[in-house]
Amino acid sequence: MTHYGGPAAHGMLLAKMYDLLDEDQMRQLMVRMIESRIRMKEQYIETMQYKIETYKMARDMLAEGMQQK
């Protein structure tokens, strides 16, 4: 087990939980983990979309400033 609870510790925890939980509980746990990953990726996409909008806005403002000169 790692000292900082990295991927190895997470895998060991899941393995232990798999031994202790019944099939329905394990299915619920997996669904929650998948939903959590989906939310994380959706938040990442929203952040990237916001950055793209900001870059486009800055590009348009710079282009407009160059045309005025």
Of Gln43, Gln25, Gln67, the only residue that is among the polar types (S, T, N, Q), at pLDDT below 90 and assigned to a helix (DSSP H, G or I) is Gln67
Per the filter on segment 27-57, residues of a type in the set (Asp, Glu) and within 18 Å of the chain's Cα centre (by Cα) are Glu35, Glu42, Glu46
Within segment 1-22, of all residues that are loosely packed, with under 10 Cβ neighbours inside 10 Å and of a type in the set (D, E, K, R), the one modelled with the highest pLDDT is Asp22
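The values are calculated or read from the model by the stated rules, or taken from the named source; none is laboratory data. All of these numbers come straight from a predicted model, not from anything done at the bench. A quick note on method: Cβ atoms are made from the backbone with ideal geometry, for glycine too, and the neighbour counts reach across all protein chains shown.
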